[in-house]
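Visitor: Below you will find the structure I want to go over with you.
The values are calculated or read from the model by the stated rules, or taken from the named source; none is laboratory data. Only a predicted model underlies this, so the values are computations on that prediction, with no experimental measurement involved. Don't worry about glycine lacking a Cβ; one is built from the backbone with ideal geometry, like all the others, and counts go over all protein chains shown. Quick note on the areas: whole protein, heavy atoms, side chains included, nothing else; ligands and nucleic acids left out. Shrake-Rupley method; radii C 1.70, N 1.55, O 1.52, S 1.80 Å.
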Amino acid sequence: MREYWNKYKWMMLITSVVILLPILGGILLWDKLPEQVPFHWNIQGQVDNWVSRPVAVFVMPFVLLGIQWLCFFVTQLDPKQKGQPPKLMGLVLWIIPVMNLLLNVMVYLTALGRDVSIEV
């Protein structure tokens, strides 16, 4: 495990910071965000679930951070994945941070009354 950590520690640290970046945006926008923030959209692109402002700003990034670290440790525990190509591992480690940034931008923009197209 130590070898695995040494190989990917910088990528894990950078992706962890990227996952937590939307918290800074949420803090900066705190007074402008409504108490209930849109959090889920249906297939027609309409908001169908809301969460409180603290949950959207603080809880969800930390939940995703936990999932990121869980994926990292589970991947390294699988004996069949020890020889996994670095490019594939990079893709695995960047999926959650990139999706988190995109989704938080959509959540914050929608909460601020901007018209964001979420349609599939």
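Visitor: Being outside any helix (DSSP H, G or I), open to solvent by 70 Å² or more (accessible area, probe 1.4 Å) and over 11 Å from Tyr108 (Cα atoms): is that true of Trp50 here?
Guide: yes
Visitor: Go through the stretch 83-102 and give me each residue that's open to solvent by less than 50 Å² (accessible area, probe 1.4 Å) and outside any helix (DSSP H, G or I).
Guide: Residue satisfying the conditions is Gln84 alone.
Visitor: Looking only at the stretch 1-54, count how many residues are touching a Leu at 6+ places or on another chain (Cβ under 8 Å), under 18 Å from Val116 (Cα atoms) and not charged (D, E, K, R).
Guide: The qualifying residues number 4.
Visitor: Here are Val105, Val74: which of them is part of a helix (DSSP H, G or I), surrounded by fewer than 15 Cβ atoms within 10 Å (Cβ to Cβ) and either modelled with pLDDT of 95 or more or within 14 Å of the chain's Cα centre (by Cα) (or both)?
Guide: That would be Val105, the only listed residue that is part of a helix (DSSP H, G or I), surrounded by fewer than 15 Cβ atoms within 10 Å (Cβ to Cβ) and either modelled with pLDDT of 95 or more or within 14 Å of the chain's Cα centre (by Cα) (or both).
Visitor: Condition first: under 16 Å from the mean Cα position of the chain (by Cα), closer than 23 Å to Arg2 by Cα and at pLDDT 85 or above. Can you find one or more residues in the stretch 47-66 that meet it?
Guide: Yes, there is a match, as at least one residue in the stretch 47-66 is under 16 Å from the mean Cα position of the chain (by Cα), closer than 23 Å to Arg2 by Cα and at pLDDT 85 or above.
Visitor: State whether one or more residues within the stretch 89-111 are farther than 18 Å from Ile14 by Cβ, in contact with a Gly (Cβ under 7 Å, 6 or more places away or on another chain) and in contact (Cβ under 8 Å) with a residue 40 or more places away in the chain.
Guide: Yes, some residue in the stretch 89-111 is farther than 18 Å from Ile14 by Cβ, in contact with a Gly (Cβ under 7 Å, 6 or more places away or on another chain) and in contact (Cβ under 8 Å) with a residue 40 or more places away in the chain.
Visitor: Could I ask something else about it? Hey, among Gly90, Gly113, Gly83, which residue is farther than 22 Å from Asn6 by Cβ and either small (Gly, Ala, Ser) or at pLDDT 95 or above (or both)?
Guide: Gly113
Visitor: For the condition surrounded by 12 or more Cβ atoms within 10 Å (Cβ to Cβ) and in contact (Cβ under 8 Å) with a residue 24 or more places away in the chain, what is the one hit in Gln68, Gln44?
Guide: Gln68
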